[in-house]
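The values are calculated or read from the model by the stated rules, or taken from the named source; none is laboratory data. Computed from a predicted structure; not experimentally measured. Because the Cβ atoms are built from the backbone with ideal geometry, glycine has one as well, and the counts that use them run over all protein chains shown.
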Amino acid sequence: MCTVVIRVPESPDEPTRVLAIRDEDPERPWNPLGRWWPEAHDGVVGVRDVRAGGAWLAADPAAGRLAVLLNRADESTRPESELVSRGGIVLDAVVGRSPTGEPATHGFNLVEVEGSHARVLTWDGVALRTTELAPGTHMIAHDDVDDSGTPRIARWLGEFQSTGPATDGRWWMPWVEVLERSAELAPTDDGAIIRDNRPLGYPTLSLLACVASVSQGDVDVHYGELREPGRWGGLELR
């Protein structure tokens, strides 16, 4: 039940800004932002899932592409033996191979960014559809883009929309300040962004975040982990 905030620029000369918060089982190991796929995906950086080898978030700076995956419920009737990990979809996306047809995975929202253009590909186990993101600030979680039926989007989208990037090098700090305000809610609150999803029947908690500035021919990504899963204690992005 991850969360992504994305600002798509009005001008193609401006970068797309992304804030992505990852919710995952703390017992599922991961590698922090790095070059973990030098043979198959030279130059790609990302956050690697150790168990399956794919990525939650990945970027190809030379191509100006970034992709991040959010899980969502699906209606698939395929047996588990026919399904593969969703992490490979992210690695394919950043080299220009978007999912098509009927992906052999559980449901997802895949955020794809290339320069000043962004879209979300949604797979619900029945149909794969695409939502092109208009200029402006959007939120994506486990349902549709800017879905007012998702409590955290209903509560915080307006705050992110009214908060512009900082003018210094750390453009993301105003958004981090919104995150800090959001953490005044309990991590089990439906409106929380920094989350503890265990009361909902999922073993996942908010673990880390990435911010990225994506422009034509470049992606600048920063990574930081929460000091305690599911709890706000500040966020240092390096």
May I ask you to say which residue of ASP218, ASP190 is more than 22 Å from MET1 (Cβ to Cβ) and out of contact with any Asp or Glu (no Cβ under 6 Å at 6 or more places or on another chain)? ASP218
Do we find a residue being among the hydroxyl-bearing types (Ser, Thr, Tyr), exposed (fewer than 15 other Cβ atoms within 10 Å of the Cβ) and farther than 25 Å from SER213 by Cα anywhere in segment 118-130? no
Say whether the condition of being surrounded by fewer than 21 Cβ atoms within 10 Å (Cβ to Cβ), of a type in the set (A, V, I, L, M, F, W, C) and under 30 Å from GLY191 (Cβ atoms) is met by at least one residue in segment 75-94. no
Could you give me the residue pairs with C-beta distances under 6 Å whose first residue belongs to segment 36-53 and is under 17 Å from ILE89 (Cβ atoms), whose second residue is outside any loop (DSSP other than H, G, I, E, B) and acidic (Asp, Glu) wherever it lies, and which are 6+ apart or on separate chains? VAL44/ASP60
Does segment 2-10 include one or more residues that are closer than 19 Å to GLY96 by Cβ, part of a loop (DSSP other than H, G, I, E, B), touching a Ser or Thr at 6+ places or on another chain (Cβ under 7 Å) and of a type outside the set (Asp, Glu)? no
Residue pairs within 7 Å by beta carbon, gap of at least six or interchain, first lying in segment 2-20 and over 22 Å from LEU70 (Cα atoms), second of a type in the set (Phe, Trp, Tyr) and buried (at least 23 other Cβ atoms within 10 Å of the Cβ), listed first then second, are none
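Table: residues versus (1) free of Cβ contacts under 8 Å to residues at least 12 places away in the same chain; (2) touching a strand residue (DSSP E or B) at 6+ places or on another chain (Cβ under 7 Å); (3) over 30 Å from ASP74 (Cβ atoms); (4) among the small types (Gly, Ala, Ser).
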| position | (1), (2), (3), (4) |
| --- | --- |
| THR130 | yes, yes, no, no |
| ASP146 | yes, yes, no, no |
| ILE194 | no, yes, no, no |
| THR204 | no, yes, no, no |
| ALA209 | no, yes, no, yes |
If we keep only residues of segment 186-218 that are over 23 Å from PRO15 (Cβ atoms), out of contact with any Pro (no Cβ under 8 Å at 6 or more places or on another chain) and of a type in the set (A, V, I, L, M, F, W, C), then the residue modelled with the lowest pLDDT is LEU200
